[in-house]
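Novice: Provided herewith is a single structure, encoded as C-alpha cells, for subsequent inquiry.
The values are calculated or read from the model by the stated rules, or taken from the named source; none is laboratory data. In this text the structure is predicted, and so the values were computed from the model without any measurement. Using ideal geometry, Cβ is built from the backbone for each residue, glycine included, and neighbour counts are taken over all protein chains shown. These area figures cover heavy atoms from the full protein model, side chains too; ligands, DNA and RNA do not enter into them. Shrake-Rupley method; radii C 1.70, N 1.55, O 1.52, S 1.80 Å.
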Amino acid sequence: MMELDKISMDNILVKIKKVDTNIIKGENITLEFGKVREETWEEKEGPQIKPNVFTLRNWDFKLLSRYKPFYSPLCDFCCKCVFGKCDLSEGKKGACGIDMTTQQAREFCLHVTIGTACHLAHARHMVDYLIKKLGRDYKINLGLEINVEAPITRTIIGIKPEVLGDLDEALRYAEEEVTNVLASIATGQEASAIDYESKALHMGMIDNLVKEIADIAQIVGYNYPKGDEDAPLAEIGMGVVDTRKATILTIGHNAIVGIEILDYIDKNNLNDKVEVVGICCTSHDLVRKNSRVKIIGPMSAQLRFLRAGIADVIVIDEQCIRTDVVEEARKRKSFVIATSDKACHGLEDRTNDPADKIIMDLISNGKAGVLIHDPKKAAEVAVKLAMLVNPLRYEYKRLPDINEVIEDLKKCTKCYNCQRNCPVNLEIPEAIEKAKHGNLFELSIIREECIACGRCESSCPKDIKIVTAMEKAVEYIVKNEKSKIRAGRGPIKDTEIRKVGQPIVFGEIPGVILFAGCSNYYNGTRELGEMAEEFLKRNYIVVTSGCAAMTIASYKDEEGKSLYEKYPGSFDAGCLVNLGSCVANSHAIGAAIKIANIFARRPLRGNFEVIADYILNRVGAVAVVWGTMSQKAIAIATGANRWGIPVILGPHGAKYRRLLLGRRDKENDWIVYDARTGKRVVADPVPEHLLVVAESKEEAMIWISKLVMRPNDTSKGRMIKVAHYIDLYKKFFGKLPNDLHLYIRNENEIPFNYKDEILKMLKEKGWKPKTIPDPTLLERNIKE
Amino acid sequence: MFTKPWYHADSYGNRYAMVIDYKQAKRLISRAKNPIIIAGELLSRENQAVDILSKTKYEIVATTPKTFFAFKDRDREVHYESLNTLINFLKDEEWEGFNGKHYDLAIFVGIFYQLLIQMLSTLRNFSKIKTFNASRFYVSIADYSFPNLERDLWIEYLKKTFL
Ligand code: SF4
Ligand code: SF4
Ligand code: SF4
C-alpha cells in the first residue's frame, strides 16, 4: 500500500467514461496528475521551499542594512519608457514619479535579471535537449564521492534531483520568478530602491540555481568529469591551431552543437583532417567532453582570431558573441553558422534544407553564413564546409603583409578619435606615429593592455585597421602562444569537503577564492595569474571558471609552465581548481553550501536563510570578478552576495551602478546575535563589504586577505588570516595596516612575527579584547 | 571656456563640469575650508606629477599601494584608503576625515577615467562635497575640471596650481 501524500505522478492522464459509486457519480471525467515519484529524501522540509520575492525579503533587508547600496549613475537620464525621457538629476523626479536612487536600483535589478535570463535560457535549452535525447528518467549520478549532487537546488527547490525530469521542475520555478521580477521593472510597478535591491538579490540567487542545473545536466548527459581533480590538461592559446587542417571555431556558451560536431568528426574518422577550437565557455565545455579540443582564449581573443582568418567555419551558439562576427568573417572569407534562437545574426534560416544543398549555396552565392537550428545538421554542414573551403582559403589565413599594414597606418592624421573611444585610453596615435616609420614595438606594448574591443577602429575616420596592426606587431609571438589548462572538473566532492570543511570554518585554511567573470581587463591579462599564484603560494584554495580560468592559463613561469601544471586540481589548500565554464562556477557556491551541510550538518531543504547566515558568518570565501563585462557577471556576483559571499570587482565594475559597502567605523552596523546566549553583541567588522570595486591588483589582493575573515574564525584561524593581511600590507606599504586593531579580538590572534610592533600599535589605539560570539543574524538560530 | 569630454561616451546629461585653468584652480583650492587630494593608481606612472604633488601643502590620500609608495619614496606623508571605501566615507557628511573635519573639496588626479567618472557621479548625485578633476583629461561629471591637456602643459598646470 502506498501513502498518497508521499507519492506523486508524472504526466498521467486518466479518462473515465462513467463512474457511479456512493461517493461520486459522473461521465467523461478526466484526471490529470502532475508527477509520480517515491519520496527518497528524508530531510525535513524547511520554511523556504521555492522562495518567491516575499520569502527572503527580510534576509535581504538584514544584509542591506549592513551593506548599504552605493550608487553611481551612468547618466542623469532615464529613457525606459516614452513618458520620458526624464532628467533625474538634482532631486528631480521622472514623469512616473521615480527618483534617481530608485532608478539606479531598478537599472541594477534589470542588469542582474538579464544575466540570470541568459543562464536560465541556456539551462532550459540544455535540459530540454537532453531530456529529448536521453529521456526524463535519465539518472543524475555524479559518482560515489558526490552524494550532495545539487546543493543549490536542494536548498532552494527542496528536492534531491535524481533524474533529468527533476531539473525541469526546478527550471519552471525559476522561469516564474524571472518573469515576475522583469515585470516589476516596467514603468509604474516597483517604487522602492530597497525592494529593487531585494529583487536583484533574488535574481542573483536564481542565477546560481539555474547555472547549477545547466551544469549538472550537461555533466551527466555528456559524461563530463565528475569532480575529477586529475581532469586532463588541454591546450590553450592563439598559437595552438594546426593550420594545415580545416578549422572550425566555436564561439559562445552552449556546447550542444559543438558536441555534435565532435561526434560527427569521430564517426567519420576525420580527426586528422579537422581541428575544433573554441573561444569562451563553449570551448571549456567541449574540452570537458574531449580534451583534444583546443581553446583559443577568452572573449578578448575573438576579434583577434577572426582577423587572423584561421577559422574556415565559425559556429556560434549563445552569449558573448561579437555582434559583428558575420561582418568580420566576411572580410576573411570565413563562414558563420548561427545555431541558437538567441543569436540568429540576420542569417537565412536553412534548417529544413539538405546539408549538401546548404553548402553548395553558401559557396556559390557569396553569403557569409546561415542559420541552422538543428544541431546535427549544423554539425554536418560545419564539418563538410570547413573541409571544402580550407584549401581555397589559404591566402586569407594570414595577416596582411607588413608593408600593407604600414601603408594603412600612414593614413593617420593624429585626430585622437581612437584614443578617445578606447575604454583603456591607450595612447594609440603615438604608437601609430612610430609604426609609420617601421617601428611596431609601441603597438606591441599597447596590445598588452588592449582588450580587442575594436572601438578604436570603428571611430577612425580614415578606417585604419588598428587591431590588425597590433596583431601584426606581435605576429611571431602569437604564433607560439601556447599553454595548458586543466579541463573543468565540475563539482567539489563530498569527500573533499569532509577534509577541508573544518580547517576552512576554523580559519586554518585562510580562505577560498573564486576568480570568475569576463576578460574586460583594464591593465592587461597578467594580473589575474599573478593574483592567483600569490594566494596559491599562501595556501588558499583557488577556484576558477570561465574567461578567468583561461586568462590564468596564459600566465606561465620561466620554464613555460602554467599554473595548472604547477598546482594540483583538488579542492584543498594551495590547489588550483578549474570548475569549467561560467555555469560551472555555481559549484563554488555549492562548495560553501556543502560545508554548511556536510561539515556543520545544517539542513538544506528549504533553508536558504540558515545556510546563507552560516556562510556569511563562518565560511571564508570571496570571489574576484576582475574583467567585468557582461550582465551575467553581475548576476553571478549578486547571487554570491545573497549567500553571504563578498565579491571584488575590477575597475569597470563601477559601471554596474551599484555596490554594497559596509562601514567598519560604525560599530552598530556589526551587531549580531550570540547564538549561545541570545544577546545582541558587536562583532568585528568582517567581511567589510559585499560588493566592492578595486582600483589595482595590489588593492584587490589586500581586499582578498581581508574579505575572507569571518566573525566566527577561531583565534588560531584569525591569527593565520591576519598574518596574511599584515604580510601583504607590509609588502605593499612597508608598515602595519591602520585598521588592524579592528580584526584582532584577543592577544592569541597576534601573529608571532610582528608581536611587539602590533602590541605597541594596539596600545596606541586603545584596543581592548573582545569575546568571540557564536554569530548569527537570525533570531531562530539562538540556542535554547 | 567650453571643451568636449575626452572620452566620447562621457555624456552624463545637461550638467558639464566648469572648465578651469590653473589660476582659477588655485583660487578654488585656497578658498576651500578643507580640501583633499585623491591620488589614484595611474599617478604612480607620472613621476613629474608625483614630484610636484609631494611638495604641495595640501592633504593627500593615495588610493592604491603603488601610489602610496610613490609618495613614500619622496618622503611625503600621505594617507591610504581604497577609492571605493573613501568615496563612501566622503559622501557621508558625518565622516570626520583623516584630520577630524569633513572635507568640502575633493581633488582627483591619476584615476583610471572610467572609474573616476563613476566615483564622481556618486559624489555629484549623493553628496554636497565639491569635486575638481585635476587630471589630464576633461570629464563632464565633476564640478570643476582642467581641460584636455598635452602632458607637458598638464605638468605646468599642476605646478602652478599646487605649488
Ligand atoms: S520610466 Fe519614469 S523616469 Fe523613466 S522615462 Fe519613463 S517616466 Fe521617465
Ligand atoms: S582615429 Fe585614426 S586617424 Fe585618428 S588618430 Fe586614431 S588612427 Fe589616427
Ligand atoms: S581594440 Fe584595444 S586599442 Fe582599440 S579601443 Fe579597444 S582596447 Fe583600445
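Novice: Can you tell me the order of A:674-685, A:465-476 when each peptide is scored by its average per-residue count of other Cβ atoms within 10 angstrom, highest first? Intermediate results must be reported in sequence, preceding the final value.
Specialist: On the way: A:674-685: 15.9, A:465-476: 21.2.
Going from most to least packed, we get A:465-476, A:674-685.
Novice: Per residue, how much accessible area does the range A:80-140 show when a 1.4 Å probe rolls over the protein heavy atoms, in square angstrom? Write down the numbers at each step before the final one.
Specialist: Working: 2740 Å² over 61 residues.
Normalised by residue count, the accessible surface of the range A:80-140 is 45 Å².
Novice: Further question: Given a 1.4 Å probe, show me the residues in the range B:95-124 buried by at least 30 Å² of accessible surface when comparing the whole protein assembly to the chain alone.
Specialist: Those are B:Phe112, B:Tyr113, B:Gln114, B:Leu115, B:Gln118, B:Thr122, which lose 30 Å² or more relative to the chain on its own.
Novice: Only helices at least 18 Å long along their axis, Cα-based, and averaging -1.0 or more on Kyte-Doolittle count here, so list those DSSP H runs from chain B. Show your work: numbers first, answer last.
Specialist: Values: long enough: B:113-126 (19 Å, 0.47).
The answer, listed by residue number, is B:113-126.
Novice: To continue, here is another question. What is the dipole size for the protein assembly as shown, taken about its Cα centre, with +1 at each Lys and Arg Cβ and -1 at each Asp and Glu Cβ, in debye to the nearest 20?
Specialist: Using only the charged Cβ atoms, the result is roughly 1440 debye.
Novice: Further question: Residue by residue through B:7-16, how many Cβ atoms from other chains fall within 10 Å of the Cβ on average? Numbers along the way, then the final one.
Specialist: Working: counts 6, 7, 6, 2, 4, 6, 8, 5, 4, 0.
That works out to 5 on average.
Novice: Separate question: Over the protein assembly as shown, with every protein chain in place, what whole percent of the accessible area is carbon and sulfur at 1.4 Å, could you tell me?
Specialist: Numbers: 18210 of 36340 Å².
About 50 percent, which is the carbon plus sulfur part of the accessible surface.
Novice: Work out the mean other chain Cβ neighbour count within 10 Å for the residues of A:87-94 and drop it here as an integer.
Specialist: Average neighbour count from other chains, rounded to a whole number: 2.
Novice: How many Å² of accessible area per residue for the range A:402-464, probe 1.4 Å?
Specialist: Working: 2940 Å² over 63 residues.
Ligands and nucleic acids excluded, the figure is 47 Å² per residue.
Novice: Have a look at the range A:46-84 and report residues whose accessible surface goes down by 30 Å² or more when the remaining protein chains are included, against the chain on its own, probe 1.4 Å, ligands and DNA/RNA excluded.
Specialist: The answer is A:Phe70, A:Tyr71, A:Ser72, A:Pro73, A:Leu74, A:Asp76, A:Phe77.
Novice: Using the structure shown, list the pairs from B:Lys55/B:Lys101; B:Lys57/B:Lys128; A:Lys436/A:Lys462; A:Lys697/B:Lys130 with a Cα-Cα distance above 19 Å, or answer none.
Specialist: Those over the limit are B:Lys55/B:Lys101; B:Lys57/B:Lys128; A:Lys697/B:Lys130.
Novice: R0 = 45 Å: FRET efficiency of B:Asp104 with A:Lys755, Cβ-based, nearest 0.05? Please list the in-between numbers first.
Specialist: Numbers: r = 42 Å, r/R0 = 0.93.
About 0.60, to the nearest 0.05.
Novice: Enter the accessible area per residue of the range B:1-47 (Å², integer; probe 1.4 Å; all protein chains in place). Let's see the in-between values first.
Specialist: Details: 2530 Å² over 47 residues.
Accessible area per residue: 54 Å².
Novice: Sticking with this one: Cα centroids of the range A:69-138 and the range A:438-470: how far apart, whole angstrom?
Specialist: Between the Cα centre of the range A:69-138 and that of the range A:438-470, the gap is 33 Å.
Novice: Test of understanding: extend the Cα→C-beta vector of B:Arg15 to 7 Å, then name every residue of the range A:54-74 with backbone N under 15 Å from that spot.
Specialist: So the set is A:71-74.
Novice: Under 16 Å Cα to Cα from A:Lys721, which lysines show up? Leave out anything in the same chain fewer than 8 places away.
Specialist: Output for A:Lys721: A:Lys537, A:Lys706, A:Lys730, A:Lys731, A:Lys755.
Novice: So which residues of the range B:55-75 lose at least 30 Å² of accessible area, probe 1.4 Å, when you go from the chain by itself to every protein chain present?
Specialist: So the qualifying set is B:Pro65, B:Lys66, B:Phe68, B:Phe69.
Novice: Continuing with this model, one more query. Counting only other chains, and only Cβ atoms inside 10 Å, what mean value do you get across the residues of A:687-697? Don't skip to the answer; put the middle values down first.
Specialist: Details: counts 0, 2, 4, 0, 1, 5, 8, 7, 16, 12, 4.
Mean partner-chain Cβ count within 10 Å for A:687-697: 5.
Novice: At a 10 angstrom cut-off on C-beta neighbours, averaged per residue, how do the peptides A:390-400, B:133-143, A:412-422 rank from highest to lowest? Kindly include the intermediate steps, with their values, before the conclusion.
Specialist: On the way: A:390-400: 14.4, B:133-143: 24.5, A:412-422: 18.3.
Top of the packing list down: B:133-143, A:412-422, A:390-400.
Novice: Now a separate question. Just the number, please: buried accessible area between A and B, total of both chains, 1.4 angstrom probe, nearest 100 square angstrom. Show your work: numbers first, answer last.
Specialist: Working: alone 31810 and 8740 Å², together 36340 Å².
Buried surface at the A/B interface: approximately 4200 Å².
Novice: A 32 angstrom limit on the alpha carbon distance is what I want to check against. Which of A:Lys199/A:Lys484; A:Lys397/A:Lys556; A:Lys493/A:Lys735; A:Lys68/A:Lys493; A:Lys273/A:Lys561; A:Lys139/A:Lys556 exceed it?
Specialist: Working: A:Lys199/A:Lys484 40 Å; A:Lys397/A:Lys556 27 Å; A:Lys493/A:Lys735 41 Å; A:Lys68/A:Lys493 35 Å; A:Lys273/A:Lys561 29 Å; A:Lys139/A:Lys556 40 Å.
The pairs that break the limit, which is 32 Å between Cα atoms, are A:Lys199/A:Lys484; A:Lys493/A:Lys735; A:Lys68/A:Lys493; A:Lys139/A:Lys556.
Novice: So what's the back-of-envelope 222 nm ellipticity for chain A, counting only DSSP H runs of four-plus at -39500 (n - 2.57) apiece and dividing by all residues, rounded to 500?
Specialist: On the way: 28 runs with 322 residues, N = 784.
Only helices count here, giving -12500 deg cm²/dmol.
Novice: Compute the FRET efficiency between A:Asn52 and A:Asp99 as 1/(1 + (r/R0)^6), taking r as their Cβ-Cβ distance and R0 = 22 Å, and round to the nearest 0.05.
Specialist: Computed FRET efficiency for A:Asn52 and A:Asp99 comes out at 0.25.
Novice: Excluding residues on the same chain fewer than 8 positions from A:Lys18, give the lysines whose Cα lies under 27 Å from its Cα.
Specialist: A:Lys35
Novice: Going by accessible area, probe 1.4 Å, with all protein chains left in place, what is the ranking of A:Glu779, A:Glu380, largest first? Kindly include the intermediate steps, with their values, before the conclusion.
Specialist: Values: A:Glu779 125, A:Glu380 50 Å².
Output order, biggest surface exposure first: A:Glu779, A:Glu380.
Novice: May I ask you to derive the FRET efficiency for A:Lys18 and A:Asp230 from their Cβ-Cβ distance with R0 = 41 Å, giving the value to the nearest 0.05?
Specialist: Numbers: r = 64 Å, r/R0 = 1.57.
According to the calculation, E is roughly 0.05.
Novice: Another question, then. Hey, which lysines would be in cross-link range of A:Lys679, C-alpha to C-alpha under 23 Å, not counting anything within fewer than 8 residues on its own chain?
Specialist: Result set, ordered by chain and number: A:Lys62, A:Lys666, A:Lys768, A:Lys770, A:Lys783.
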